[in-house]
Amino acid sequence: MDDMFCYQCEQTAKGVACTTKGVCGKTADISNLQDDMTGALVALAVATKNKDIDEATYHIMLEGMFTAITNVSFYDVTLKDLIGRIDAITLSYGGKLHIYTMKEVWSDNEDIRSLKSLILLGLRGMGAYAYHAWVLGYKDKEVNDFFFTAMRAIGGKGSVDELLPLVLETGKVNLACMKLLDEANTQTYGDPTPIEVPLMIEKGPFIVVSGHDLYDLYQLLIQTQGKGINIYTHGEMLPAHGYPKLREFDHLKGNFGTAWQNQQKEFIDLPGAVLFTTNCLMPPKENYKDRIFTTEVVSYPELVHIGEDKDFTPVIEKALSLGGYSEDEVTVLSGGPMMGKAMPNDTFVITAATNAITVLKPEKYPDMACLRCGSCTDHCPAAIQPVRINEFERAKDVDALNRLSALDCIECGLCT
Ligand code: SF4
Ligand code: SF4
Ligand code: SF4
């Protein structure tokens, strides 16, 4: 028998399902606890049928959905605590516990399993949106009630003909939920507009903020004002730079790193702190574990968690103690170190052919006169003459440059 069953994200093992350990780093125990927690939400939905649902009940449904999405929760203690809180609310409505287990979905016939999975995974993503909107004070009763209706259907014995319309309804309600979050974000932080986002990390203490909770970013920006700490977005937090009220902060400097899945390489030896506000957390390496912080529903054993009071002092103190980089100037290459082109600044177009971005600490070499050794000509893959081309380029002799086929240069950098 499999240790676990999870196929909720595109990382899933062999494109089928994670059945022994999650590709995301989730253990079988954590996956099974998430299933238990989802089963507890089904029991809650059943208990509240035809009853007035209070705010705390709506909220814990969103919390449970959000907690189960990928790269968010890796900690048994917080999951057990959440299950206990869901069960307590279920009992307060006169409901029964442990009436449903997710194994019933995973082992059902393929049509029912597929339809229920589509609904459940849609609800989890929607739960994250609704949770963010809630944090900013925006709620929608129709959206919130739908979580309960849909979870009752997941725990029910509905046929394909009954579940299919609910799948379509999940998509429809999801659009309403995204509209709600859009309203929450734009009315709180202004309408986002396109903006150039620097990729350079300036010298001095800094904090990298990952995930997509704009409220957390805003609170951190306020608490770091005037402290000599720069803030950089990471991964899915990149769009935050577009919001007028967030970019009012001069110390929101730019974006750190590349895609979220590269964090285990990019955070090695990082001289700054990192705050994970939502998903995208990968199991941290020992090398940098001491500088990773979580908040809201994100949790991982041994990492410092910032609670509801949003007191980011531990993150700030860590950033100050690490001190950041000692230089703020970097050389950016579009491509790898051998074939990459040196870019004059960090605002250049990334195309499908961009295989890498290389950021190097600048090395200063003293200028020296050419020895006319001919080595650059020997190594030029375009079989042209770099030194002669350089001379005619300085002389602005275009005809000579054409004769020397200067345009054949592929900018490989071997001669420099
Ligand atoms: S969330 Fe983790 S365990 Fe689930 S499918 Fe994705 S990689 Fe696998
Ligand atoms: S520029 Fe070319 S010819 Fe001049 S010293 Fe360097 S490698 Fe030799
Ligand atoms: S940069 Fe241009 S001139 Fe220099 S070695 Fe490469 S192809 Fe030749």
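A short reminder: the numbers here are calculations on the coordinates, not readings from a lab. What you are looking at is a predicted structure, and each value in this text was computed from that prediction instead of being measured. Quick reminder, even Gly has a Cβ in these numbers, built from the backbone with ideal geometry, and neighbours come from all protein chains shown.
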7 Å from Cα along Cα→Cβ at both residue 331 and residue 186: what's the point-to-point distance in nm? 4.5 nm
Among 305, 6, 181, the residue whose Cα sits farthest towards the positive end of the charge dipole of the chain (+1 at Cβ of Lys and Arg, -1 at Cβ of Asp and Glu, taken about the Cα centre) is 6
For residue 396, go through the lysines and keep the ones whose alpha-carbon is under 29 Å away, minus same-chain ones fewer than eight residues off. 341, 364
Tell me what the chain gives for mean residue ellipticity at 222 nm when only DSSP H runs of n ≥ 4 count, each as -39,500 (n - 2.57), the sum divided by the residue total, rounded to 500 deg cm²/dmol. -13000 deg cm²/dmol
Modelling each spin label as a point 7 Å along the Cα-to-Cβ direction, I'd like the residue 222/residue 407 distance in nm, to one decimal. 5.8 nm
Note the direction-averaged projected area, equal to a quarter of the hull surface, for the Cα convex hull of the chain, in nm². 26.1 nm²
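Going by a ≥ b ≥ c, the root eigenvalues of the Cα gyration tensor, does segment 127-182 fall in the rounded group (a/c under 1.5), the prolate group (a/b larger than b/c) or the oblate group? Don't skip to the end; give the middle numbers.
Numbers: a/c = 3.45, a/b = 2.16, b/c = 1.60.
Prolate shape, in that a/c is at least 1.5 and a/b is the bigger ratio.
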Rounded, prolate or oblate: which fits segment 37-110 when a ≥ b ≥ c are the square roots of the eigenvalues of the alpha-carbon gyration tensor, with rounded for a/c under 1.5 and prolate only if a/b beats b/c? oblate
Net charge dipole size for segment 75-219 [Lys, Arg +1 and Asp, Glu -1 on Cβ; Debye, nearest 20]: 440 debye
Per-residue ³J(HN,Hα) for segment 153-160, Karplus 6.51 cos²θ - 1.76 cosθ + 1.60, θ = phi - 60°, Hz, x for Gly and Pro: 5, 5, x, x, 10, x, 7, 4
Cα lying deepest toward the dipole's positive end in segment 13-189, options 158, 136, 34, charges on Cβ: 34
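Pop the C-beta distance of residue 321 and residue 76 into the FRET formula with R0 = 35 Å and round what comes out to the nearest 0.05.
Details: r = 30 Å, r/R0 = 0.85.
After rounding, the FRET efficiency stands at 0.70.
Over 30 Å between C-alpha atoms is what I'm after, so list which of 14/141; 14/49; 51/80; 14/265; 21/253 land there. Don't jump to the answer; show the numbers that get you there.
On the way: 14/141 39 Å; 14/49 39 Å; 51/80 26 Å; 14/265 23 Å; 21/253 38 Å.
Violating the 30 Å limit, Cα to Cα: 14/141; 14/49; 21/253.
What FRET efficiency, computed as 1/(1 + (r/R0)^6) with R0 = 30 Å and r the Cβ-Cβ distance, is obtained for residue 179 and residue 55, rounded to the nearest 0.05?
Numbers: r = 21 Å, r/R0 = 0.70.
According to the calculation, E is roughly 0.90.
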Need the full-extension length gain, residue 369 to residue 169, defined as separation in residues times 0.36 nm minus the C-alpha distance. One decimal, nm. 64.7 nm
Give me the distance between the Cα centres of segment 207-279 and segment 84-123, rounded to whole Å. 35 Å
Just going by the charge dipole of the chain, with Lys and Arg at +1 and Asp and Glu at -1 on Cβ, which of 407, 279, 335 is farthest out on the positive end? 407
State to the nearest 20 debye the size of the charge dipole of the chain about its Cα centre, where the only charges are +1 on K and R beta carbons and -1 on D and E beta carbons. 300 debye
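Rounded to the nearest 5, what % of DSSP beta bridges with both residues in the chain are antiparallel?
Approximately 30 percent, going by the DSSP bridge assignments.
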Straight distance only, please: which aspartates and glutamates reach the Cα of residue 116 with their own Cα at less than 15 Å, same-chain residues fewer than 8 apart left out? 35, 104, 108, 161, 162, 169
For q = 0.08, 0.11, 0.15, 0.18 Å⁻¹, what log10 I(q)/I(0) does segment 13-189 give under the Debye formula with an equal point scatterer on each alpha carbon and no solvent? -0.24, -0.45, -0.87, -1.25
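About the Cα centre of segment 257-325, what is the dipole size in debye to 20, counting +1 per Lys and Arg Cβ and -1 per Asp and Glu Cβ, all else neutral? Let's see the in-between values first.
Values: 6 positive and 10 negative charges, 51 e Å.
Dipole about the Cα centre, nearest 20: 240 debye.
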Packing-based ranking, highest mean first, of 158-166, 120-128 given that Cβ atoms within 10 Å are counted: 120-128, 158-166
Starting from the Kirkwood radius over alpha-carbon pairs of segment 211-317, derive D by Stokes-Einstein at 25 °C in a medium of 0.890 mPa s and give it in µm² s⁻¹. 175 µm²/s
I want to check the label-to-label distance for residue 302 and residue 399. Put each point 7 Å from Cα in the C-beta direction and report it in nm to one decimal. 7.2 nm
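Beyond 18 Å between alpha-carbons counts as too far, so tell me which of 203/285; 289/318; 203/318 fall in that bin. If you can, show how the numbers build up before the last one.
Working: 203/285 24 Å; 289/318 12 Å; 203/318 16 Å.
Distance filter (> 18 Å) returns 203/285.
Averaging sequence separations of C-alpha pairs under 8 Å and six or more residues apart, then dividing by the length of the chain, give the relative contact order as a whole percent.
Working: 640 pairs, mean separation 52.2, N = 416.
Relative CO of the chain lands at 13 percent.
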So what does the Cα-only Debye profile of segment 369-416 read at q = 0.27 Å⁻¹, as log10 I(q)/I(0), no solvent term? -1.07
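For residue 309 and residue 289 in the same chain, what is the full-extension length gain: residue separation times 0.36 nm, less their Cα-Cα distance, in nm? The partial results should precede the final answer.
Details: separation 20, 0.36 × 20 = 7.20 nm, distance 2.29 nm.
Using 0.36 nm per residue and subtracting the Cα-Cα distance, I get 4.9 nm.
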